[in-house]
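The values are calculated or read from the model by the stated rules, or taken from the named source; none is laboratory data. Predicted model only: the values in this text are computed from it and were never measured. Don't worry about glycine lacking a Cβ; one is built from the backbone with ideal geometry, like all the others, and counts go over all protein chains shown.
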Amino acid sequence: MLKGINPILNADVLQALRAMGHGDDLVIVDMNFPADSVASETVLGTVLRIDAPSDEVAAAILSLYPLDGFVDDTVARMEVVDEPDTLLPVQIEVQTAIDESQGKSWPMISIERFAFYERAKEAYCVIQTGERRFYGCFAFRKGVIAPDE
C-alpha cells in the first residue's frame, strides 16, 4: 500500500504508467475485448489486468497519468457498431471520470471497432478491466508533466 495512490493500481500497472513516454497510448478494455491477443502486439507485449469497472479504472489511472494536450485524438472510445453517435452509460461514466480528472470538459473521439483494435495493437499497453458492459473500451494518449517553474 502506498499513500496517495489508488489501491486498484497494482505494481505492474504502475510500472507501465511510469515507463510510458509522451505520445504513448494506454488502452483500457472491457472483459469481452480480445485483450491477450491484441496485447501481444503492443510495446509491453502482455495484457495487464485491473478487476474493476471501466470508470473506476479510468479515474485511478488519470489520478497519475497526464493526457496529451497537443493532439485531437488523445481520448478515444470504441464506437457502437453501426451507431457512431450513440453513447452508452459506460462511455458517459468514463467521460465523467476524464472531465473530473482534468477539471474541465475533455473531448473524446469515437473510433470504429476494427480501427480501435488497430490503435490498441500500436499502444504501449492494454489494461483489461472487470467491466462486463459492452463498449467499455478506451484509449488515452500520454502527455507531459512540465518542469517546476
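Could you please let me know if Thr42 is touching a Phe, Trp or Tyr at 6+ places or on another chain (Cβ under 7 Å) and among the hydroxyl-bearing types (Ser, Thr, Tyr)?
yes
Results for (1) in contact with a Pro (Cβ under 8 Å, 6 or more places away or on another chain); (2) more than 15 Å from Ala58 (Cβ to Cβ); (3) among the charged types (D, E, K, R), shown as yes or no for each residue.
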site: Trp106; (1), (2), (3): no, no, no
site: Ile111; (1), (2), (3): no, yes, no
site: Ala120; (1), (2), (3): no, yes, no
site: Tyr124; (1), (2), (3): no, yes, no
site: Thr129; (1), (2), (3): yes, no, no
site: Phe138; (1), (2), (3): no, no, no
site: Lys142; (1), (2), (3): yes, no, yes
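Against the condition under 15 Å from Arg141 (Cα atoms), β-branched (Val, Ile, Thr), surrounded by fewer than 16 Cβ atoms within 10 Å (Cβ to Cβ) and more than 12 Å from the chain's Cα centre (by Cα), how does Ile109 come out, does it pass?
Answer is yes for this residue.
Restricted to segment 120-135, and to residues that are in a strand (DSSP E or B) and not polar (S, T, N, Q), which residue is surrounded by the fewest Cβ atoms within 10 Å (Cβ to Cβ)?
Cys125
With a cut-off of at least 2 residues that are surrounded by fewer than 16 Cβ atoms within 10 Å (Cβ to Cβ) and modelled with pLDDT of 95 or more, name the helices (runs of 4 or more DSSP H) lying wholly within segment 1-100.
11-19, 35-39
Could you check segment 106-135 and list, in sequence order, the residues that are under 19 Å from Leu67 (Cα atoms) and not hydrophobic (A, V, I, L, M, F, W, C)?
Pro107, Ser110, Arg119, Glu122, Tyr124
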